[in-house]
Amino acid sequence: MHTKNAREQVVDLLTEIEKDKIYAQLLLKQALNNIEIKDKPFITEVVYGTLKYRLKLDYIINYFSKTPSHKMKPLIRNVMRMSVYQMFYLDKVPTSAIINEAVKIVKKRKFGNLSGFVNGVLRQIDRNKEQVVYPDKSKNLIGYLSITYAMPEWIIEEWLSTYSVEIVEKICSSLNERAKVCIRINTLCTTKEQVKQVLKKENILYEEGVLAEEALYIKHIDNLQNLNSFKEGKWTVQDESAMLVAHVVSPKEGERILDMCSAPGGKSIHMAELMQNKGEIISADVHEHKLELIEKNARRMGIDIITPTLQDGTQLNEAWIGAFDRVLLDAPCSGLGIIKRKPDIRYNKSLEDLKEIGQLQKKLASHAVRYVKEEGILVYSTCTLSRRENEEMAAYIVDDLGLELCDIADTIPGQLRVDIKELGTIQILPFRADTDGFFIACFRKKRI
């Protein structure tokens, strides 16, 4: 049994992610538990970076290799991708070391007959980096944007159907940035100032939030769950754009709230905090194991008004009809707004998926509407950037399901109000405040 060095572990992770279509975040989290501390930053950087730029890396490899990347053996393909990523994006690693390590891995894994090929192509790329000809923006806009930002063409086309070229470039560039870690202060048991003091004692660097009063960004931290302030429920992890959802729902003390697709419970817990832990929140999910997660998170945060409930949102629950003051439908979606956190989403989703998800969203929305009391509120949200799943769904809820849009300007931070295109809908673009991309729409059920 040979021991694997850091680069070998990267190649194995990339190969497994590609083969099984496992989300990198999950696989990497498990793998990092068994990796030496000194190797963790490098492995994380190269796995995420190679995934993020995979499309562009393949373009570069194919520019120099007679064998296209998709015809290479999986191990060889991922050795090449990982090496080219380091050559183009990691200045600190000498190219000679990158190529030597690649050749060593190939030989060690019994592909010695291909070591000359790997060595030759990588050396050619190193010598001729500047010679690569990329698609011409003026002649092939979609190809240019796709390769430049390593974003599949169908996603580029989807965004260009809604936004200008300039906005699409900003979206792509923003989603290729490194995701920051944002935390939400638990206002039930502490204040932001107190949390800052605690973080200082725990030697955690922090920065102020941009959009939400209860937000802070923390830096250079590996195991958040091990911090005492986390265990004590003083804060939880949530992106600022997602924090705005509970503010738009705007729950009041004593109300009965339904969170239809709740796991892992972050938005339910935030709503409970805004309600001063007074009232009732039904946090529903279709997966039983996720209910335990909701319960565990609520308990940690000192919340006792949340009832985790097993419910398939596509099945109508007769007992819930007209039973809630406010309903949140944070719908399953393609996740194009969180590509910054999960770079492999771009390769695991297709246009067909978007159409299927749209049908599911309509079914969920048709039930959500029935659960809202007359004059009650429905909030629909997603973590994606797609007209089909967002603006068209909002139109469906108004035109087909008979609700009316509500004014949400008072619940949206000033710098984002430019993105309230209709009275009650906002598409939060990821470059506005360096957050995830998010969509929120708020509706009132008319009195019959």
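Bridge orientation summary for the chain: considering DSSP beta bridges with both residues in this region, about 60 percent are antiparallel.
The peptide list 131-139, 383-391, 300-308, put in order of mean Cβ contacts within 10 Å with the highest first, becomes 383-391, 300-308, 131-139.
The angle between the Cα long axis of helix 40-52 and the longest principal axis of the Cα atoms of the chain comes to about 90 degrees, rounded to the nearest 10.
Placing +1 on the Cβ of every Lys and Arg and -1 on the Cβ of every Asp and Glu, with nothing else charged, gives the chain a dipole about its Cα centre of roughly 2040 debye. Structure note, pairs Lys234/Lys278; Lys104/Lys129; Lys231/Lys421: Cα-Cα distances above 29 angstrom occur for Lys231/Lys421.
Sorted from fewest to most neighbouring beta carbons within 10 Å, what does the list Trp235, Trp159, Trp154 look like? Could you put the intermediate results ahead of the total?
Values: Trp235 26, Trp159 22, Trp154 16.
Least crowded to most crowded, the residues run Trp154, Trp159, Trp235.
For region 168-185, the Karplus equation 6.51 cos²θ - 1.76 cosθ + 1.60, evaluated at θ = phi - 60°, returns couplings of 4, 4, 5, 4, 4, 4, 5, 6, 8, 6, 6, 5, 8, 9, 10, 10, 10, 5 Hz by residue, with Gly and Pro reported as x. Relative contact order of region 369-438, taken over Cα pairs closer than 8 Å and 6 or more residues apart, is 29 percent. Of the residues Glu255, Glu166, Glu292, the one with the fewest other Cβ atoms within 10 Å heads the list, and the complete ranking is Glu166, Glu292, Glu255. For a straight C-alpha distance cut-off of 16 angstrom, the aspartates and glutamates reachable from Lys19 (same-chain residues fewer than eight places away being disregarded) are Asp344. Per the Cα gyration tensor, the chain maps to an equivalent ellipsoid with semi-axes of 42, 26, 20 Å, ordered largest to smallest.
For region 284-429, a crude dipole built from +1 on the beta carbon of Lys and Arg and -1 on the beta carbon of Asp and Glu, taken about the Cα centre, is about 660 debye to the nearest 20. Could you give the Stokes-Einstein D for region 6-131 in µm² per second, using the C-alpha Kirkwood radius, 4 °C, 1.567 mPa s? Here the translational diffusion coefficient equals 89 µm²/s. Pick out, from Ser268, Ser83, Trp154, the residue whose Cα sits farthest towards the positive end of the charge dipole of the chain, with +1 on the Cβ of Lys and Arg and -1 on the Cβ of Asp and Glu. Going by the Cα projections, it comes out as Ser83.
Between the amide H of Ile420 and any residue lying 5 or more places away or on another chain, no distance stays under 5 Å, with hydrogens modeled in the peptide plane.
When N counts the residues of region 218-275, how does its alpha-carbon radius of gyration compare numerically with 2.2 N^0.38 Å, as a ratio?
Working: Rg = 13.2 Å, N = 58, 2.2 N^0.38 = 10.3 Å.
Computed over Cα atoms of region 218-275, the ratio equals 1.28.
What is the distance in Å between the Cα centres of region 332-409 and region 223-300? Distance between centres, Cα-based: 20 Å. The alpha carbons of region 121-226 stretch over 57, 41, 18 Å along the principal axes, in descending order. In the chain, a dipole from Cβ-located charges (positive for Lys and Arg, negative for Asp and Glu) runs towards its positive end, and of Gly302, Leu211, Asn33 it is Asn33 whose Cα lies farthest in that direction.
No value in this document is a laboratory result; all are computed from the given coordinates. Quantities reported herein were computed from a predicted structural model and do not represent experimental measurements. Backbone-built Cβ (ideal geometry, glycine too); neighbour counts: all protein chains shown.
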